[in-house]
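Heads up, the thing below is written out as structure tokens.
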Amino acid sequence: MRAQLFFEVLTEGNDLALLCREYVATDTRGMNYWGPMGMNPLWGPQNSFGYRLAFNYYFFKNGRLQRYSLKKKDLFALLPGYDDEIDLFMRKKQT
């Protein structure tokens, strides 16, 4: 028996849909609250961590689910023939 997976539909067109699936990830970036004391030999290294909500994105195209790596070249490969439109959209949305 196969487990059912649920996705959030972010947008869909005639023959393509962009889906999202969230998960909880462990985050250790900038979580050391002890400052200099964190590296003190008497206290030892601090192994603090936190959690954050993260997302995986997928394209549903031609009846297949394809994970999107968030790389521009992969987007061009998934949507051939739309290079100019994708490039223009990315330039407009660039911050």
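The values are calculated or read from the model by the stated rules, or taken from the named source; none is laboratory data. Treat the numbers as computed from the prediction; the structure is a model and nothing was measured. Note that we place each Cβ from the backbone using ideal geometry, even for glycine, and neighbour counts take in every protein chain shown. For the accessible areas, the whole protein counts, side chains as well, though only heavy atoms, and no ligand, DNA or RNA atoms are used. Shrake-Rupley method; radii C 1.70, N 1.55, O 1.52, S 1.80 Å.
Figures for the structure shown
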item	result
Top-ranked residue of the stretch 49-81 - restricted to ones that are touching a residue at least 24 places away in the same chain (Cβ under 8 Å) and within 16 Å of D15 (Cα to Cα), ranked as least open to solvent (accessible area, probe 1.4 Å)	F59
Enumeration of residues in the stretch 10-28 that are in a loop (DSSP other than H, G, I, E, B), farther than 21 Å from A54 by Cβ and open to solvent by 90 Å² or more (accessible area, probe 1.4 Å)	N14, D15
Meets criteria (surrounded by fewer than 11 Cβ atoms within 10 Å (Cβ to Cβ) and at pLDDT 85 or above) for D84	yes
